[in-house]
Amino acid sequence: MKKYLSLVTFAHTIFAMPFAFIGFFLAVTTTQYHFDWLKLVLMVLCMVFARNSAMAFNRYLDRDIDIQNPRTKQRDIPAGRITPKAALTFVIINCLLFITATWFINKLCFFLSPVALFVVMGYSATKRFTALCHLVLGLGLSLAPIGAYLVVTGQFAITPIFFSLSVLCWVSGFDIIYALQDEDFDRSQNLHSIPAYLGKVNALRLSTFLHVLSAVFIMMPAIETHVGFLYYIGIAFFCAMLIYQHLLVKPNDLSRVNFAFMTTNGIASVVFAVLFLLDRIWIH
C-alpha cells in the first residue's frame, strides 16, 4: 500500500480535493438539494479513484523518460519498486472503481465518467506533442468542483464553473513553475513544456498571468451567490499565496520550487476551502 501511495504521490490530492468539497457544499447550500452522506463518500471515492488512475498512468507512460531524468529516476517504476505491469493493473482497477462509483451517484455522472477519465489521463501524453500540457493538467483538476456539484444536483450551473476556471488557471500556473526544473532535460528529449518553449523568464510571466486570471475567477462566485466576509478573507489569503510563490521562485534561483509547488499551493487550497465552508455555515 505504501508503494502505491508513493506511485500516485497521494499527498498531491491536497490540491484538488478541497475544491471538490467546495463544489459539493456549494450545491448543498445554494440549491434545494440536501446533504447526503452517501453522496459525499461517493464523491470522495471518485476523486481518489480518478486521481489514482491519472497519476499511475502518468508514471506508467513516462517510465522510459523518468529513468533518464536525474530528478525522476528514483520514482517507483524506474527504481524497480513497482513493475510496469502492476502499475497498469492498478490503473485499470481504479478506472473501473471510478466508473462503478459514478453509477451509484446519478446517470449524468455515470455517462460523463469516461470523459472525465479521458481528460485526467490524457494529460500524460500531451507533453510529447504540445507545450500546452500544463493547461491540460489544469483542466483535469478543474473537473473537481463542477464534478462534485454534479454529484449533488445532476445538473450544470455557472457558479461551480467559475471555481473550475480558477482551478484550471491556478494549477496550470504552478505546474509551469514546477516544470522549470526540467527545462534543459525537456529540450534534450524533444519534450514539450512552456519553460522549454519560452524559457524561464517568459514562462514565469505566463505563470503570473494565469495566476492573475485564477484570482479573478475565484472572485466571480461572489457575483452569482451570496457570500459573507469569510469568503473575502479566503480570497485574500488565496491571492497572497499566489503572490508568495512567485516571490520564492526566480529565473536564476529554482532552489525553492518544491516549497512553492507543494507547500504554498497546498496551504492555499486547504485554507481557502475551510474559509469557504465556514462562510457557508455562517450565512446559514
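As a test of the formula, what do you get for the chain when each DSSP H run with n ≥ 4 contributes -39,500 (n - 2.57) and the sum is divided by the residue count, at 222 nm and rounded to the nearest 500 deg cm²/dmol?
Result for the chain, helices only: -23500 deg cm²/dmol.
Roughly how compact is the stretch 195-284, stated as its Cα Rg over 2.2 N^0.38 Å to two decimals?
1.25
Can you work out the Karplus-derived ³J(HN,Hα) for every residue in the stretch 255-264? Use 6.51 cos²θ - 1.76 cosθ + 1.60 with θ = phi - 60°, whole Hz, and x for glycine or proline.
5, 10, 4, 5, 5, 5, 5, 7, 5, 5
For the chain, what does the accessible surface come to per residue with a 1.4 Å probe? Please give it in Å².
Per-residue accessible area for the chain comes out at 46 Å².
Tell me the volume per residue, in Å³, of the convex hull enclosing the alpha carbons of the chain.
Measuring per residue, one finds 117 Å³ for the Cα hull of the chain.
Pop out the carbon and sulfur fraction of the accessible area of the stretch 131-236 as a percent, whole number, probe 1.4 Å.
Solvent-exposed carbon and sulfur of the stretch 131-236 make up 68 percent of the total.
Residue by residue through the stretch 145-153, which ³J(HN,Hα) values in whole Hz follow from phi under the Karplus form 6.51 cos²θ - 1.76 cosθ + 1.60 (θ = phi - 60°), with glycine and proline marked x?
So the Karplus estimates, Gly and Pro as x, are x, 5, x, 5, 5, 5, 4, 7, 9 Hz.
Within the chain, how many Lys pairs sit with Cα atoms under 23 Å apart, leaving out pairs fewer than 8 places apart on the same chain?
So the count of such lysine pairs works out to 10.
Return the sequence-ordered ³J(HN,Hα) values of the stretch 59-73 in whole Hz as given by the Karplus equation 6.51 cos²θ - 1.76 cosθ + 1.60 applied to θ = phi - 60°, using x for Gly and Pro.
5, 5, 5, 8, 4, 6, 6, 4, 5, 8, 8, x, 6, 10, 5
Residues of the stretch 256-272 with amide nitrogen under 17 Å from the 7 Å Cα-to-Cβ point of Ala240?
263-272
What percent does the relative contact order of the stretch 20-166 come to when contacts are Cα pairs within less than 8 Å and at least six residues apart?
It comes to 34 percent, rounded to a whole number.
The values are calculated or read from the model by the stated rules, or taken from the named source; none is laboratory data. Values in this document were obtained by computation on a predicted structure and should not be read as measured data. When we count neighbours, we look across all protein chains shown, and the Cβ atoms used for this are built from the backbone with ideal geometry, even at glycine. Accessible surface is based on the protein model in full, side chains and every heavy atom, while ligands, DNA and RNA are left aside. Shrake-Rupley method; radii C 1.70, N 1.55, O 1.52, S 1.80 Å.
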